[in-house]
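Trainee: Take a look at the following structure, please.
Please treat every number below as a calculation from the coordinates, not as lab data. These numbers come from a predicted model, not from an experiment. With ideal geometry, Cβ positions are generated from the backbone for all residues, glycine too; neighbour counts draw on all protein chains shown.
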Amino acid sequence: MVNLKINGQEVSVPEGYTILDAAREVGINIPTLCYLKDINQIGACRMCLVEVKGARALQAACVYPVAEGIEVFTNSEKARNARRTTLELILSNHERKCLTCIRNRNCELQSLAEELGVDNIRFEGENTKYEIDDESTSLVRDNSKCILCRRCIAACDNQGISVISCVNRGFSTEVAASFGKSMSEVGCIYCGQCIVSCPVGALYEKNDIPKVQRAIDNPEKHVVVQTAPAVRAALGEEFGLPMGTPVTGKMVAALRRLGFDKVFDTDTAADVTIMEEGTEFIERFTKQEKLPLITSCSPGWVKYCEHYYPEFIDNLSSAKSPMEIFGAIIKSYYAEKSGIDKENIYSVAIMPCTSKKFEAARPEHSSSGSQDIDASLTTRELARMIKQAGINFAELPDEEFDQPFGMATGAGVIFGTTGGVMEAAIRTVYEILEKKPLDDLNVTAVRGLDGIKEAALKIAGKDVKVAVAHGTKNASILLDKVKAGEHYDFIEIMACPGGCINGGGQPVVDSKTRAKVNFKAERAKALYSEDEASTLRKSHENPYVQALYKEYFGEPCSHKAHELLHTHYTKRSKY
Amino acid sequence: MEKKTMPAFKGTKEQEEQLKAVIESHKGQEGAAIPVLHKAQEIYGYLPIEVQTMIAEGLNVPLAEIYGIVTFYTQFSLYPKGQYQISVCLGTACYVKGSGDILEKIKERLNIDVGQCTADGRFSIDATRCIGACGLAPVLTVNEDVYGRLTVDDVDGIFAKYE
């Protein structure tokens, strides 16, 4: 333990702590801007300057390791003045259009200006002008709001992708891709981890609310919506509910009040994914070919594979993601069964994800004749729609999904967190091969937030080796192991650290909250509790899925299933 | 987004071999990017996307990081030098005598920025520090030719000699 004094108060903290950590331990708040726990710790923004007795100059608390006997003053006149001047300088080149900003009232810069009592910005002058990059399907970058904190660069590096960095110098410095390219022209996978790391409104998703609203307002259109599992685990945060509160019922009620004609659960399609992917696994495992089978639910991961590991394209499961499986079923089976012309169906998906917008726009996802998914909105976009419609979310009653696609098993629910797809697949594959029930449905070896998780299973007398990776950097470590000769039978990969619960379309968790709570674990708990509470926890036991196969597809991986529920992938350039 | 025009890349097989050898000799070293970029600029005269991509790939460093380094340091150039290299002196004496306006006029005429080269590869513009000809201020040079005591109106006449 190291003993030091902060503002005269004795503090004792473990070695390796920074002044910032130590101060937080005793409830002293030091303002930060570029610091983001586990992602960015570079002392660049100078907002956390403190006075250390005897030191030559003010020190950045986020990178200054504690030492025995030091005396720190976080609130001295010198520290306050320095911070305030720095903040005013940052604000002087920031486009201060807060009222119309996507991050209005949810902005760390705005909060700091309030906390530090900035009532005047002394530095006038010309602001740098930038072009907005909105060429991709998913991300928008507006550098006029950027404060050069580099959190997005660190988040992109943390994913092992690094398509953005700081370019030029001095006043001309900006965060950009190489050679002035748009995000649509580089190896960006649209995971959106940059968005959820941004303290201000410089990064956000492509706004698809207007087209969805137009469809809802058009009486000719039958507007169907599906919601991914991770959405219900985080949507409540946008309305002030405690982190980790599952809000499934309120979300369904809100969607009905927004005017969607049918509210379905993507989890039902997740159960179908397990039937298709599980069958595909059994086929490949029996023939011992194209192993490891790698999951294909995460569009960020799929795009990553196409750009950076095209040699694994044959290993990707050809089964579409739950969102696209649903999209295809809605415009085929559902349209026929309910007697609605598929041309009049408008299919919306609410996803925790920005890459899903790209997936929805893929030309190969049009097995119904037109685009299977017409619009994919993020959790944040749904929250905005709910707010704009004047719906009092917290007071909504709990309502049920519409049938026949509102019934899902616990297996479909846990898709939203890392390890969930693998666990769901194991529950089904085991019972199909063993022809007897699995004793313990909780496959804990693949749960949790370790970057790479492995398990060796014994199914029907055979050894099955599985692995789970989340975050594309971990994926690359795992794939390099496979390339070096390590054998796995089945691999689950999710592009975002923690899986979909921490997707790039989820509510933004600010730096202060991230320092206090493990938001990934909290959101994951919401999903595991829903799984635990389900009467049916295995995909193959879903009666609606059973009926779907009986009435329409015949068997998993049948000819018809292949036509509608499977896809193919394209090698893409890294640069 | 606006894209800058750039003369076509004309790297030879020999140049590529040279660069590969340089990359090989620095592989695995920490901070290898800067020395490799120096050598690459010696080999090619500038650092276009083709060269930066080879370096990124060879050193296993993200292209965005390489590009960040190249745009940070002024001695690295993204553009080749033109057949006629125009250098406008922005030293103190030349600057107070109006070389800034002359530079602006040249930029406007060629429609390129300082450090860039026209798409046909004929002209490039550099802004230099004092070249020691303050008595002739404001001064510019085109390759080895020196032009002094200039006004903005002289610019067209100078171009007439090279076009």
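Trainee: Which value does Rg/Rh take for chain A over its C-alpha atoms, Rh per Kirkwood?
Mentor: Taking Rh as the inverse mean 1/r over Cα pairs, Rg/Rh reads 0.99.
Trainee: Which of A:Val52, A:Ile30, A:Ala82 sits closest to the plus end of the dipole of segment A:2-92, meaning its Cα is farthest towards the positive end, when Lys and Arg get +1 and Asp and Glu get -1 on the C-beta?
Mentor: Farthest along the dipole direction, towards plus: A:Ala82.
Trainee: Moving to a separate point now. Would you mind putting A:11-19, A:477-485, A:376-384, A:159-167 in packing order, based on average other-beta-carbon counts within 10 Å, highest first?
Mentor: A:376-384, A:159-167, A:11-19, A:477-485
Trainee: Starting from the amide H of B:Phe123, placed 1.01 Å from N in the peptide plane, find each other amide H under 5 Å away whose residue is 5 or more places distant or on another chain.
Mentor: Here B:Gln83, B:Tyr84, B:Thr118 satisfy the definition.
Trainee: Relative contact order, percent, of chain B when contacts are C-alpha pairs under 8 Å separated by at least 6 residues?
Mentor: 21
Trainee: Once phi is turned into θ = phi - 60°, what whole-Hz ³J(HN,Hα) does the Karplus curve with 6.51, -1.76 and 1.60 give for every residue of segment A:320-332, x standing for Gly and Pro?
Mentor: 5, 5, x, 4, 6, 4, 4, x, 5, 5, 5, 8, 10
Trainee: In whole Hz, with x marking every Gly and Pro, tabulate ³J(HN,Hα) for segment A:333-341 from phi via Karplus 6.51 cos²θ - 1.76 cosθ + 1.60, θ = phi - 60°.
Mentor: Whole-Hz 3J(HN,Hα) from phi for segment A:333-341: 4, 5, 4, 5, 5, 9, x, 10, 4.
Trainee: Collect residues whose amide H, placed 1.01 Å from N in the peptide plane, falls under 5 Å from the amide H of A:Leu49; neighbours closer than 5 in sequence don't count.
Mentor: A:Ala61
Trainee: Just in segment A:518-575: which trypsin sites (Lys or Arg not before Pro) are loop by DSSP and have at most 11 other Cβ atoms within 10 Å?
Mentor: Here the trypsin sites (Lys or Arg not before Pro) that fit, given the DSSP loop and packing criteria, are A:Lys571.
Trainee: May I ask you to work out the translational diffusion coefficient for segment A:128-205 at 37 °C, viscosity 0.692 mPa s, via Stokes-Einstein with Rh from the Kirkwood sum over Cα pairs, reported in whole µm²/s?
Mentor: 266
Trainee: With θ taken as phi - 60° and the coefficients 6.51, -1.76 and 1.60, list the Karplus ³J(HN,Hα) couplings across segment B:64-76 in order, rounded to whole Hz; mark glycine and proline as x.
Mentor: Working through the residues one at a time gives 4, 5, 4, 4, x, 5, 4, 7, 6, 8, 5, 6, 8 Hz.
Trainee: Oh, and also: Would you grab the residues whose amide H sits under 5 Å from the one on A:Ile6? Only those 5+ places off in sequence or on another chain, please, with H modelled 1.01 Å from N.
Mentor: Answer set, sorted by chain and number: A:Val11, A:Val72.
Trainee: Still on this structure, please answer the following. Just counting partner chain Cβ atoms within 10 Å, what average do the residues of peptide B:57-67 show around their Cβ?
Mentor: 6
Trainee: Out of B:Val142, B:Pro80, B:Phe123, whose Cα points farthest toward the positive end of the dipole of the protein assembly as shown (charges: +1 Lys, Arg; -1 Asp, Glu; placed on Cβ)?
Mentor: Highest projection toward the positive end goes to B:Val142.
Trainee: Continuing with the same structure: Once a ≥ b ≥ c are taken as the square roots of the eigenvalues of the Cα gyration tensor of segment A:80-131, is the result rounded (a/c under 1.5), prolate (a/b larger than b/c) or oblate (a/b not larger than b/c)?
Mentor: It is oblate, given that a/c is not under 1.5 and a/b is not larger than b/c.
Trainee: Can you tell me the equivalent ellipsoid semi-axes for segment B:13-72? Use √(5λ) from the Cα gyration tensor, largest first, whole Å.
Mentor: They are 15, 14, 10 Å, listed from largest to smallest.
Trainee: So, with +1 on the Cβ of K and R and -1 on the Cβ of D and E, and no other charges, what is the size of the charge dipole of the protein assembly as shown about its Cα centre, to the nearest 20 debye?
Mentor: The dipole of the protein assembly as shown has a size of about 1060 debye.
Trainee: Are there chymotrypsin sites (Phe, Trp or Tyr not before Pro) in segment A:259-360 that DSSP marks as loop and that have at most 15 other Cβ atoms within 10 Å, and which are they?
Mentor: The qualifying sites: there are none.
Trainee: Residues with beta-carbon under 13 Å from that of A:Lys560, excluding A:Lys560: net charge, scoring Lys, Arg +1 and Asp, Glu -1?
Mentor: -4
Trainee: Relative to the longest principal axis of chain A, what angle (0 to 90°, nearest 10) does the C-alpha long axis of helix A:472-483 take?
Mentor: It is inclined by approximately 60 degrees.
Trainee: When a/c is below 1.5 the answer is rounded, else prolate if a/b is larger than b/c, else oblate, so apply that to segment A:377-512 with a ≥ b ≥ c taken from the square roots of the Cα gyration tensor eigenvalues.
Mentor: The shape class here is oblate.
Trainee: Return the single residue from B:Gly135, B:Gly100, B:Gly115 with maximal mean-square fluctuation; model: Gaussian network over chain B, springs between Cα atoms under 10 Å.
Mentor: In the Gaussian network model the winner is B:Gly135.
Trainee: Determine, at each q value in 0.12 (inverse angstroms), the log₁₀ of I(q)/I(0) that the Debye formula gives when each Cα of segment A:309-458 is one equal point scatterer.
Mentor: Calculated log10 I(q)/I(0) at the listed q: -0.73.
Trainee: Taking each residue in A:167-175, count the Cβ atoms of any other chain within 10 Å of its Cβ, then average. What number comes out?
Mentor: 3
Trainee: Still on this structure: With no solvent and one point per C-alpha, what does the Debye sum give as log10 I(q)/I(0) for segment A:73-230 at q = 0.11, 0.13, 0.15, 0.17 Å⁻¹?
Mentor: Calculated log10 I(q)/I(0) at the listed q: -0.56, -0.74, -0.92, -1.09.
Trainee: Now for a different question. Considering chain B, which cysteines have no disulfide-compatible partner, defined as another cysteine with its Cβ under 4.7 Å away?
Mentor: Result for chain B is B:Cys117, B:Cys130, B:Cys134, no neighbouring Cys Cβ within the cutoff.
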